[in-house]
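Everything on this sheet refers to the single structure shown next.
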Amino acid sequence: MARVVDGSSALVLHCRVPGAAGERLSTFVTKLVGSKKFQQRAQTEGSMTVDDSSQDPFSVHCLVAPGTSGAGFVLVLAVTARTYPRRHVFPPPDSEAGRPQGMLVQLAADVVREYGPSALSSEVGVTGLRQASLGPGALRLMERLCADYESVGDKDPALRAVQAQVDEVHGVMQENVNSMLLNADKLEDLRGKASAMGDNSKQFYSLARENRWTQQCREYKLRLLFGGVALLLLLVFLRPWLTAGGDDDKHQQ
């Protein structure tokens, strides 16, 4: 936030970006607020957005706080990513009563409520820009506001509804994936069982073939045995007759 008076200004800056990127961002905002051209344009337009032309993809949003008094005017600023929805920074023209009025409108109202309409009037120097402070309370106020608006979905009912639908679809897709994985496991089990049954059938066929060959060999052996016994009995019965026939021939001679 800043108080601007005839080209002079006092700036209270709270940067959440750490390291060198935060230092570059703070330097850019400080130079921007100290620019007379920027101050005049902000006072004329009331609210505007400035996109940094450097490699850092951020935008600077500013709003002249309504209801302030004293010399000059109070300017509240917010630096966001370029992709951050502008409707969460400034109130939409057709916003309804009771709906969120935008981050900068809320910040301006909090500043006027906490520090009065003449906030930072005593901090403005004669010329140029001066780094000012409103104490830890102001930093906590800005940090709380940044945290409230950090999640876009928390401030956008339409986006929350879309996110809910996306979550629902994601849940259905996850269930479908789980079902597919379960079916794949079942299919793999069936394949395993079918393979085991195939191996068992091959083994059964081999055993049956071996048993059949064994039974055939046994049957052949029995046939040979019965044939040999029958032949032996036949010889036993025929021998006396053959022997008797030979003796008769001798007697006749």
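No lab work stands behind these numbers, since they all come straight from the coordinates. On a predicted model such as this, the values are computed, not experimentally measured, just so you know. Neighbour counts are summed over all protein chains in view; Cβ atoms, including those assigned to glycine, are modelled from backbone coordinates with ideal geometry.
Values for this structure:
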item	result
Extension gain, S35 back to H170 (0.36 nm per residue minus Cα-Cα distance, nm)	43.7 nm
Inter-probe distance in nm under a simple model that places probes 7 Å from Cα toward Cβ, at D51 and F204	7.6 nm
Relative exposure of Y84, Y205, judged by other C-beta atoms within 10 Å (fewest first)	Y205, Y84
Separation of the A21 and N211 label points, Cα + 7 Å toward Cβ, nm	7.8 nm
For the stretch 1-41, convex hull of alpha carbons as volume per residue, Å³	62 Å³
